[in-house]
Amino acid sequence: MQDSLPESLSKLLGNISTDQQNYVLEARKQILGFDDHIIEVGRTTSTEYGLRKGEKQIYKTLMCAKFIPFHRGVYRPKLLLLLPYPKREWAGQGSGRTYKREKVKGLTWVEASHTKAWDQNSQLKLYFYTGKSQSRYSSVMDLTPYESMCHLLLGKEDLKFTSLFDIINLALNEWKLQVDERDQ
């Protein structure tokens, strides 16, 4: 795991309390400790995590998480994770513009955010960005309904979401599935 913080993350941490910083650093440690192939790359304002591509690059299609500023000019960290969601597929040629009945798993960027910024004692909400832009979320979910949705979508009844770390773990496991699929 990398010990030194990228300047982009360090700048975001400088604007929150020590308790909040420790919470963010715990999340970072979980991400970096998951697999030796995950690296951390600091950009101008964001810090990205994903599959190593060379020395200091990440495959854009194999990212799993990123910390970005909360809003333009507001330098507090916002965590985005690539998480599963129920994607709809077109029924195919000759069916007009209709969708198939069954949902399939897609991955989209999701902001995992507490109702009080980086306070692990406050409620965690998931903000889904299913469009092309990450400037405006498409929908919001609490952990319990998201857990139920994942049971159906992933066919895993043993999933239990009680904290940010459970959600990070899901994102990391989904990332690992993508990497393993790519390597076959």
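Distance between the modelled labels on Glu181 and Tyr75, one decimal in nanometres: 3.8 nm (7 Å Cα→Cβ projection).
Take each peptide in 55-62, 159-166, count the other Cβ atoms within 10 Å of every residue, and average; sorted highest first, the result is 159-166, 55-62. A straight Cα-to-Cα reach below 29 Å connects Lys156 with the lysines Lys29, Lys60, Lys66, Lys78, Lys87, Lys100, Lys103, Lys105, Lys125, Lys132, Lys176, residues fewer than 8 places away in its own chain not being considered. Calculate how steeply helix 164-183 sits against the longest principal axis of the alpha-carbon atoms of the chain, using the helix alpha-carbon long axis, and give the answer as 0 to 90 degrees to the nearest 10. The answer is roughly 60 degrees.
What percent does the relative contact order of region 7-183 come to when contacts are Cα pairs within less than 8 Å and at least six residues apart? Write down the numbers at each step before the final one.
Working: 283 pairs, mean separation 29.5, N = 177.
Result for region 7-183 is 17 percent.
The radius of gyration of the Cα set in the chain, together with its Dmax, comes out at 17.0, 59 angstrom. Summarising the amide proton neighbourhood of Tyr59: residues at separation of 5 or more, or on other chains, whose placed amide H is nearer than 5 Å comprise Leu51, Lys53.
No value in this document is a laboratory result; all are computed from the given coordinates. As the structure is a computational prediction, the values presented were derived from the model and not from experiment. Note that we place each Cβ from the backbone using ideal geometry, even for glycine, and neighbour counts take in every protein chain shown.
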